[in-house]
Amino acid sequence: MLTVTDASLSAINPAIAPEGTIRKYYEALLALGVDYAEVSPAVLPHLGSCFDPSRVIIRNDFSLSRDGDIIAEITANTLSANRGKIPGLYLCYDELRIIGAESLLLSDYLRIFPEILENASLPVSFSTKNAGYAATALMIEWVLSGGDRIVCAFMGTGGHAPLEEALLALQVNGYPLSNIDPVRLKPLGALWQQISGRAIPDKKPVVGEKIFEVESGIHIDGIIKNSLNYEPFSPEKVGAERRFVLGKSSGKKALLMKLKELNLNINTADLDRILRLIRQKSMEESRSISDTEFCSLIRRLSGVGTCT
């Protein structure tokens with residue numbers, strides 16, 4: 001079974017987090033199904049009575065500890081140079097965490113990972129900074145090589161592999177993660193924005209608000225026929241909803257679907273004119289057209305009352 005550590009609470013500044021949100025975020029992480037939450041000493045007091053020493057890894061300046069166990073960090077390059085064998089000075093620790101970086105992308109990691117796992121005499125976890133924007137891919141390669149302990153961080157906080165991307169990539173490809181409930185990712189994201197002071201981009205994979213917002217007519221047609229044409233997982237899997245919007249790329253099929261969705265009946269002879277107006281407004285505003293704007297446009301053109 002895969003053991004998952006989230007390290008986002010070791011990389012945030014608790015001074016900017018509203019009162020009580022760090023504790024709620026910690027609880028939300030555990031509810032999601034991660035095994036351990038890594039925290040900094042500054043965050044630790046904010047966990048309050050919810051603190052469970054068996055599920056918290058504390059990151060000090062030069063060490064990691066969990067309920068009395070000491071975890072040492074070592075670079076993947078060091079292990080690779082040692083043919084995957086753990087140097088003797090690390091054997092006194094309880095667990096080893098391998099740190100990957102950009103150099104792994106230039107190495108034969110398909111050989112290095114199995115070699116490390118075969119020769120490891122301690123429990124070994126893997127953490128990689130967002131090496132060449134391929135941290136998620138490296139994390140998946142580690143698991144496919146037999147690694148059963150990973151360290152990520154929600155939204156890639158601190159430069160780690162993004163937790164949400166790694167978990168969904170594994171689940172979508174059939175890896176058993178029975179303890180993980182991806183529907184809890186969106187509520188976690190709302191709390192993350194509060195404790196980090198940052199916004200989640202609308203198009204952020206897995207947790208972005210608009211990742212299931214579809215404008216192009218050909219995409220809409222493909223999704224209707226088979227959603228897997230464009231979506232690796234369903235919106236419901238992460239507690240989201242699919243939404244068709246109108247814009248500069250929309251065609252008649254998308255327009256007809258939106259009219260049906262809003263329970264509007266218009267003369268089909270007006271479709272071309274409506275599409276021209278939609279595309280023009282979309283290009284002027286550099287965005288898609290809201291349902292309210294669309295209803296207003298239809299009312300002006302056809303005298304139809306309100307949308308339902």
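The values are calculated or read from the model by the stated rules, or taken from the named source; none is laboratory data. Bear in mind the structure is a predicted one, so any value in this text is a computation, not a measurement. Cβ sites come from the backbone with ideal geometry, for glycine too, and all protein chains shown count toward neighbours. Side chains included, ligands, DNA and RNA excluded: accessible areas come from the protein's heavy atoms. Shrake-Rupley method; radii C 1.70, N 1.55, O 1.52, S 1.80 Å.
Counting other Cβ atoms within 10 Å, keep those with at most 16, restrict to DSSP loop, and tell me which trypsin sites (Lys or Arg not before Pro) in segment 159-265 are left.
Hits after loop and neighbour filter: 198, 203, 210, 242.
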>> Given the -39500 (n - 2.57) contribution per DSSP H run of 4+ residues, what per-residue ellipticity at 222 nm results for the chain, rounded to the nearest 500 deg cm²/dmol?
In response: -10500 deg cm²/dmol
> Going by alpha carbons, how many degrees (0 to 90, nearest 10) lie between the helix axis of 185-196 and the longest principal axis of the chain?
Replying inline: 70 degrees
> Which residue, 17, 81, 72, tops the fluctuation ranking in a GNM of the chain built on C-alpha contacts under 10 Å?
Replying inline: 81
> Which ³J(HN,Hα) values, rounded to whole Hz and listed in residue order, are derived for segment 147-159 from phi using the Karplus coefficients 6.51, -1.76 and 1.60 in 6.51 cos²θ - 1.76 cosθ + 1.60 with θ = phi - 60°, glycine and proline given as x?
Replying inline: x, 10, 9, 10, 10, 10, 8, 3, 6, x, 3, x, x
> Separation of segment 219-284 and segment 129-159 by C-alpha centroid, Å?
Replying inline: 35 Å
> How large is the charge dipole for segment 1-146, taken about the Cα centre, if only the Cβ atoms of Lys, Arg (+1) and Asp, Glu (-1) carry charge, to the nearest 20 debye?
Replying inline: 120 debye
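Filter the trypsin sites (Lys or Arg not before Pro) in segment 67-123 down to the DSSP loop ones having no more than 12 other Cβ atoms within 10 Å, then list what survives. Intermediate values should be presented prior to the final figure.
Numbers: sites: 83, 85, 97, 111; in loops: 83, 85.
Passing both the DSSP loop test and the Cβ count: 83.
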> For the chain, which semi-axes, largest first and in whole Å, follow from the square roots of 5 times the eigenvalues of its Cα gyration tensor?
Replying inline: 47, 22, 15
> Which FRET efficiency value, to the nearest 0.05, is calculated for residue 190 and residue 299 with the Förster distance at 30 angstrom and r the Cβ-Cβ distance?
Replying inline: 0.30
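Can you pull the percent of the chain's accessible area that's carbon plus sulfur, 1.4 Å probe, other chains left in place? Spell out each step's value before the answer.
Working: 7580 of 15050 Å².
Taking all protein chains in place, the chain shows 50 percent carbon and sulfur surface.
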> Given H placed 1.01 Å from N in the peptide plane, which residues other than close sequence neighbours of residue 71 have an amide H under 5 Å from its amide H?
Replying inline: 64, 65, 66
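Net charge near residue 199, counting Lys/Arg +1 and Asp/Glu -1 over other residues with Cβ under 15 Å of its Cβ?
Values: positive: 186, 198, 203, 204, 210; negative: 202, 209.
Local net charge: +3.
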>> Under the rule that an exposed site lies in a DSSP loop and has at most 10 other Cβ atoms within 10 Å, name the longest stretch of the chain with no GluC sites (Glu not before Pro) of that kind, not counting the sites themselves.
In response: 20-240
> Given H placed on each backbone N at 1.01 Å, which residues far from residue 7 in sequence or on other chains put an amide H within less than 5 Å of it?
Replying inline: 38, 152, 153, 154
> Once phi is turned into θ = phi - 60°, what whole-Hz ³J(HN,Hα) does the Karplus curve with 6.51, -1.76 and 1.60 give for every residue of segment 92-103, x standing for Gly and Pro?
Replying inline: 7, 8, 8, 7, 10, 10, 8, 9, x, 8, 4, 4
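Local charge sum around residue 237 (other residues, Cβ-Cβ under 14 Å, Lys/Arg +1, Asp/Glu -1)?
Numbers: positive: 184, 186, 242; negative: 164, 165, 181, 231, 236, 241.
Once all neighbours under 14 Å are counted, the net charge is -3.
What shape does segment 128-226 take by its C-alpha gyration tensor, where a ≥ b ≥ c are the square roots of the eigenvalues and a/c under 1.5 counts as rounded, a/b above b/c as prolate, and the rest as oblate?
oblate
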>> Using the Karplus curve 6.51 cos²θ - 1.76 cosθ + 1.60 with θ = phi - 60°, what ³J(HN,Hα) values do you get for each residue of segment 252-268, in whole Hz, with x for Gly and Pro?
In response: 5, 4, 5, 5, 5, 5, 5, 4, 5, 4, 9, 6, 10, 10, 9, 5, 4
> Long-range amide H contacts for residue 129: which residues qualify at under 5 Å (H placed 1.01 Å from N, peptide plane, sequence gap of 5 or more or a different chain)?
Replying inline: 100
